[in-house]
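The values are calculated or read from the model by the stated rules, or taken from the named source; none is laboratory data. Here the structure is a predicted model, which means the values were calculated and not measured. All Cβ positions, glycine included, derive from the backbone under ideal geometry; neighbour counts span all protein chains shown.
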Amino acid sequence: MSRARVAGLKPALVLMVICMVFSAILVVVHDLTKGKIAEVEREEVNRALSEVFPSAEFEKIDDYYKVFENGVLVGYALLGEGQGYGGVYGGEPIKLVVGVNLDKTVKSVKIISHSETPGIGSKIEEENFLSQFSGKTLEDLKLRSDGGKIDAITGATISSKAVVDIVRGEVQKIASEMGEGR
Amino acid sequence: MENLLTIAIGAILVNNIVLTRFLGLCPFFGVSTRLRNASMMGFAVIFVMTASSIITWAIYQYLLIPLNMEYMRLVVFILVIASFVQLTAIFVRKHSQRLHRAFGIYLPLITTNCAILAVVLINTMVKEYSLLETIVNSVATGVGFLLALVLMAGIRERLDLADPPGAFRGLPIAFVSAALLALAFQGFGGMLL
Amino acid sequence: MKEGTKLVVSPSPHVKDAISVRGIMSAVIVALIPATVSGIYLFGLHALAVIIASILSAVGTEFVALKLMGRKFVMDGSAVLTGLLLALCLPPTVPLWMPIVGAAFGIAIGKCAFGGLGHNIFNPALVGRVFLALSWPALMTRWVTPFDAVSTATPLAKGFGSVPIFDLFVGNVAGCIGETSALAILIGGAFLIAMRYIDWRVPLFYIGTVGFLMLFLGQNSILDASDLDSLVEVGKESLFHMFAGGLFLGAFFMATDYVTTPMTKLGRIIFAVGAGILVVAIRTVGGYPEGVAFSILIMNGFTPLIDRVIKPRVYGTKRGFVGGG
Amino acid sequence: MRIQEFTKGIIKRNAVFSLALGLCPTLAVTIMVENALGMAFAVTFVLVLSNLIVSVIKGFVPPDVRIPCFIVVIASLVTVIEFIMRAYSPTLAEHLGIFLPLITVNCLILGRAEAFASRRPVADSILDSLGMSVGFGLALIMVSAIRELLGSGKIVIFGHEIVPTVLSSPAVAMTLAPGAFLTIGILLAIMRRFRVI
């Protein structure tokens, strides 16, 4: 190989070596943190689930959880998320957990995280708004302006609607699951 | 169809990448002093954004996911964007003098335009769009960038004739103008189709 | 379209003459008297207090800002007008610190930072209003009925059919201090048009666009109308959207501002139609019940571009391209 | 090794206010001081390490592939800090959202690698990057303190109320996009007025 050929190859080689070295570093760091990240996420899910069903056990089935208390099935829990008023890019979606009773009515709803406007949309976290969901059936789970039974928060229709839509979607999952399964 | 329209309107107006989402600010303030330059930069961004979105989408779907290497995405995506920009620059220089004169100086700047990497990440990691949705989102985001840039350039050209207090001249008044433009764009907030 | 081109006052950097400015400003303030009086009559003395607070804050802020900038303060009436306009588009229930903050924000950020009258890109009163609306949405949406001040929602929030069209026209509905009475605004607006201070095309195309689009996009669409009754309903809904909210106030007094709207006739028509489309978009699919303030602010942002396109100007040369399109 | 390589980045050549670099995160994450601290920490990590690595490898890297090599280094470091934050500070990682991976294209980092670290000795590069990081962090904290105070009425950092409620009805607009642009615009004007920068 002539010197010129080698010189021509050098940039590519250097880039390749650097890529390989740093890929290796990434693989190592990924392996080291993988377990911890998964654990953090699991903990977060567990904390969220026990918000709606304290002192119960959960069994993960596809995208929902069966909830057992002393070995007896008492309901279902689902993690839902969707876009609220706080947007796509910097803002996080609304994340919530829905507890569903065996009769397919809502047990309760808890917001895990959101990036709605402080003081307005952020009221979706408050009990005044969330307590409305308890006992509602799939048909009721719409804003009153859309023919349902949930009152929107004044000045925060978009955030309210987002929450209602997420909850309805999750309850729908359970409803269709139960309709088909048994 | 409605979904695609929602994505498009969302990316152009509601979540305008510059005025609501704070991305691509360096070119937004850097290249918005003249309308001509601003529109050229805008078109260059639309092109690069769309093309690199398609490439990275394919790499993500058919390489990274099957290999379980999603964690390599940043390195891979930024390399793809950088080399794509480089190749485009070479291609343009070779084949069209006119395009080269128009876009030549903007292309290298685009590599570090965070809007490009952001859109690519949103298409794959955040939203998990399909190819069609990816294309629509990328084009619309680029159009939103162009719109913001052109509006800003119009304002700044007019400000050349204005007489702001000394401390506000240049960048500060550009920021204040952007603030008021963003204030107006809040009117699109929560728009649903 | 050659007649009616007597509008001699060209916008932006050219308005330098304090006397002519003062003349225009006083005329506009005079034209706002019917709306102001009707607002105080409908919503009581607190409305008057809001108006006074707003005007004082606007003038005070301009005075301080100009002193800080080392420039001479001229009482040209523009700050008074900004303060008055801002107060007229605030709900009658706002605490008094809100007009003060809003007017100060509008004048300081919307006007003085750009170099004062003639240089601002955005309408200062609307800058103040939108800042208040985004900052304190709950306080900015507390509406009361006229005279007895019972809490209620605006006709736009309640939707078409909630109030008789005649009440909307005379202003016997909930809303901002100076926006409810289309009649009072129309009187002042007619005066300004007769005096050739504002271009009649702007309110006509602005309100007309909203009315026209609402024939198709309201709850009752003209496309679905089968008999005369349903056609009447469509017409009524279109009228509802023209009279409701701040459209008249915006169309006659804000979209006609010399400084922040296009210079040419065609440009102004584009501005008005664009603003009309935006109002309809925000009202029908947007996140807010009303979109007049946003629509004008957004079109303010487009104004430099409209002027560029409609009145091409080669650098270093002066083209004799005045008016028309 | 000169100490002014460190101090210059803090005020005189401040990344945000003087060089107008790294604007996107400065506007986007400064809703809360907490987020600003997280972003400042992540940027410091990437900036210092990338300057160090670039300065060390600069002798071996041919000019044709200099930029791609730097980008690979930076992107890898960003991925590393992203993993670390997701493992040990998941809430903060979630708050920073997409702006965490976007540190890769923060022009401040590539700018320093290209303009400084690739030409200077290792020690100077580290000082420069530390100074730049401190300046960037200070700018972020300043902007976020103003926005959180005016927009939320109080300042809460990791659950501790640093500044108690001073505004009972805060101006929410300050937490939105307009507030971000405005805060920086006015800060810039004030700094120019008093010739700080």
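Candidates in the stretch C:99-148 are the residues that are among the β-branched types (Val, Ile, Thr) and closer than 21 Å to C:Tyr258 by Cβ; of these, the one that is farthest from the other protein chains (Cβ to nearest Cβ) is C:Ile107. Annotation note: of B:Thr141, B:Thr112, B:Thr134, the sole residue that is part of a loop (DSSP other than H, G, I, E, B) and either within 17 Å of the chain's Cα centre (by Cα) or crowded, with 24+ Cβ neighbours inside 10 Å (or both) is B:Thr112.
Is it the case that the stretch C:265-288 has a residue that's in contact with a Pro (Cβ under 7 Å, 6 or more places away or on another chain), among the aromatic types (Phe, Trp, Tyr) and crowded, with 22+ Cβ neighbours inside 10 Å? Yes, there is a match, as at least one residue in the stretch C:265-288 is in contact with a Pro (Cβ under 7 Å, 6 or more places away or on another chain), among the aromatic types (Phe, Trp, Tyr) and crowded, with 22+ Cβ neighbours inside 10 Å. Of the listed requirements (1) in contact (Cβ under 8 Å) with a residue 60 or more places away in the chain; (2) more than 21 Å from C:Phe294 (Cα to Cα), C:Ala133 misses just one: (2). Among residues of the stretch A:31-47 that are more than 8 Å from chain D (Cβ to nearest Cβ), those with a beta-carbon under 8 Å from a residue that is modelled with pLDDT under 85 at least six positions away or on a different chain give the pairs A:Asn46/A:Phe58.
Considering only residues that are β-branched (Val, Ile, Thr) and surrounded by 19 or more Cβ atoms within 10 Å (Cβ to Cβ), look in the stretch D:113-141 and name the one that is modelled with the highest pLDDT. Result: D:Val134.
Scan the stretch B:53-71 for residues that are within 11 Å of B:Asn123 (Cα to Cα) and crowded, with 18+ Cβ neighbours inside 10 Å and the total you get is 4.
Take the residues of the stretch D:19-64 that are touching a Lys or Arg at 6+ places or on another chain (Cβ under 7 Å) and within 11 Å of another protein chain (Cβ to nearest Cβ): which is surrounded by the most Cβ atoms within 10 Å (Cβ to Cβ)? So, considering only residues that are touching a Lys or Arg at 6+ places or on another chain (Cβ under 7 Å) and within 11 Å of another protein chain (Cβ to nearest Cβ), the one surrounded by the most Cβ atoms within 10 Å (Cβ to Cβ) is D:Thr30. Does D:Val105 meet the test of being of a type outside the set (Ser, Thr, Tyr) and surrounded by fewer than 18 Cβ atoms within 10 Å (Cβ to Cβ)? Here the answer is no, as D:Val105 does not meet what is asked. Being under 23 Å from D:Gly179 (Cβ atoms), assigned to a loop (DSSP other than H, G, I, E, B), touching a helix residue (DSSP H, G or I) at 6+ places or on another chain (Cβ under 8 Å) and not small (Gly, Ala, Ser), is that true of even one residue in the stretch C:100-118? Scanning the stretch C:100-118, I find at least one residue that is under 23 Å from D:Gly179 (Cβ atoms), assigned to a loop (DSSP other than H, G, I, E, B), touching a helix residue (DSSP H, G or I) at 6+ places or on another chain (Cβ under 8 Å) and not small (Gly, Ala, Ser), so the answer is yes.
Of the residues making up the stretch C:139-162, those that are touching a residue at least 12 places away in the same chain (Cβ under 8 Å), surrounded by fewer than 20 Cβ atoms within 10 Å (Cβ to Cβ) and of a type in the set (Val, Ile, Thr) are C:Thr141, C:Val144, C:Thr145, C:Thr152. Out of C:Phe302, C:Phe252, C:Phe271, I need the residue that is under 22 Å from C:Leu88 (Cβ atoms), in contact with a Leu (Cβ under 9 Å, 6 or more places away or on another chain) and either in a helix (DSSP H, G or I) or of a type outside the set (D, E, K, R) (or both). Which one? Selected residue: C:Phe252, the only one of C:Phe302, C:Phe252, C:Phe271 that is under 22 Å from C:Leu88 (Cβ atoms), in contact with a Leu (Cβ under 9 Å, 6 or more places away or on another chain) and either in a helix (DSSP H, G or I) or of a type outside the set (D, E, K, R) (or both).
Just to be sure before I move on: is B:Ala162 facing chain C (nearest Cβ under 7 Å), touching a Phe, Trp or Tyr at 6+ places or on another chain (Cβ under 6 Å), without any contact (Cβ under 8 Å) to a residue 24 or more places away in the chain and hydrophobic (A, V, I, L, M, F, W, C) in the structure I sent?
Values: facing chain C (nearest Cβ under 7 Å): yes; touching a Phe, Trp or Tyr at 6+ places or on another chain (Cβ under 6 Å): yes; without any contact (Cβ under 8 Å) to a residue 24 or more places away in the chain: yes; hydrophobic (A, V, I, L, M, F, W, C): yes.
So B:Ala162 fits the description; yes.
Among the residues of this structure, B:Ala82 does not count as one that is away from chain C (no Cβ under 14 Å) and at pLDDT below 85. The residues in the stretch C:225-264 that are crowded, with 21+ Cβ neighbours inside 10 Å and either small (Gly, Ala, Ser) or touching a strand residue (DSSP E or B) at 6+ places or on another chain (Cβ under 9 Å) (or both) can be counted, and the count is 7. Scanning the stretch B:1-15 turns up one or more residues that are more than 15 Å from the chain's Cα centre (by Cα), surrounded by fewer than 16 Cβ atoms within 10 Å (Cβ to Cβ), within 14 Å of chain A (Cβ to nearest Cβ) and at pLDDT below 85. If you go through the stretch C:229-264 and keep only what is more than 14 Å from the chain's Cα centre (by Cα) and β-branched (Val, Ile, Thr), you end up with C:Val232, C:Val234, C:Thr264.
Can you pull out the residues in the stretch B:33-52 that are within 16 Å of the chain's Cα centre (by Cα) and surrounded by fewer than 23 Cβ atoms within 10 Å (Cβ to Cβ)? Walk me through it before giving the result.
Within the stretch B:33-52, the first condition is being within 16 Å of the chain's Cα centre (by Cα), and the residues that meet it are B:37-52.
Residues satisfying the conditions are B:Asn37, B:Ser39, B:Met40, B:Phe43, B:Ile46, B:Phe47, B:Thr50, B:Ala51.
Which one of D:Thr175, D:Thr183 is under 22 Å from D:Leu23 (Cα atoms), within 14 Å of chain B (Cβ to nearest Cβ) and either of a type in the set (Gly, Ala, Ser) or surrounded by fewer than 24 Cβ atoms within 10 Å (Cβ to Cβ) (or both)? Talk me through it step by step, then tell me what you get.
Numbers: D:Thr183 fails: either of a type in the set (Gly, Ala, Ser) or surrounded by fewer than 24 Cβ atoms within 10 Å (Cβ to Cβ) (or both).
D:Thr175 is the lone residue from the list that is under 22 Å from D:Leu23 (Cα atoms), within 14 Å of chain B (Cβ to nearest Cβ) and either of a type in the set (Gly, Ala, Ser) or surrounded by fewer than 24 Cβ atoms within 10 Å (Cβ to Cβ) (or both).
Of the helices (runs of 4 or more DSSP H) lying entirely inside the stretch D:2-75, those containing at least 1 residues that are at pLDDT below 85 are D:4-7, D:23-28.
Of the residues D:Leu149, D:Leu167, D:Leu110, D:Leu188, which single one is without any contact (Cβ under 8 Å) to a residue 60 or more places away in the chain, surrounded by 17 or more Cβ atoms within 10 Å (Cβ to Cβ) and either under 19 Å from C:Ala108 (Cβ atoms) or in contact with a strand residue (DSSP E or B) (Cβ under 9 Å, 6 or more places away or on another chain) (or both)? Don't jump to the end; show me each part of the working.
Values: D:Leu167 fails: surrounded by 17 or more Cβ atoms within 10 Å (Cβ to Cβ); D:Leu110 fails: either under 19 Å from C:Ala108 (Cβ atoms) or in contact with a strand residue (DSSP E or B) (Cβ under 9 Å, 6 or more places away or on another chain) (or both); D:Leu188 fails: without any contact (Cβ under 8 Å) to a residue 60 or more places away in the chain.
Checking each option against the conditions leaves just D:Leu149.
Considering D:Glu114, D:Glu148, D:Glu82, D:Glu94, the condition of being part of a helix (DSSP H, G or I), among the acidic types (Asp, Glu), within 14 Å of another protein chain (Cβ to nearest Cβ) and within 22 Å of A:Leu15 (Cβ to Cβ) is satisfied by D:Glu114 alone.
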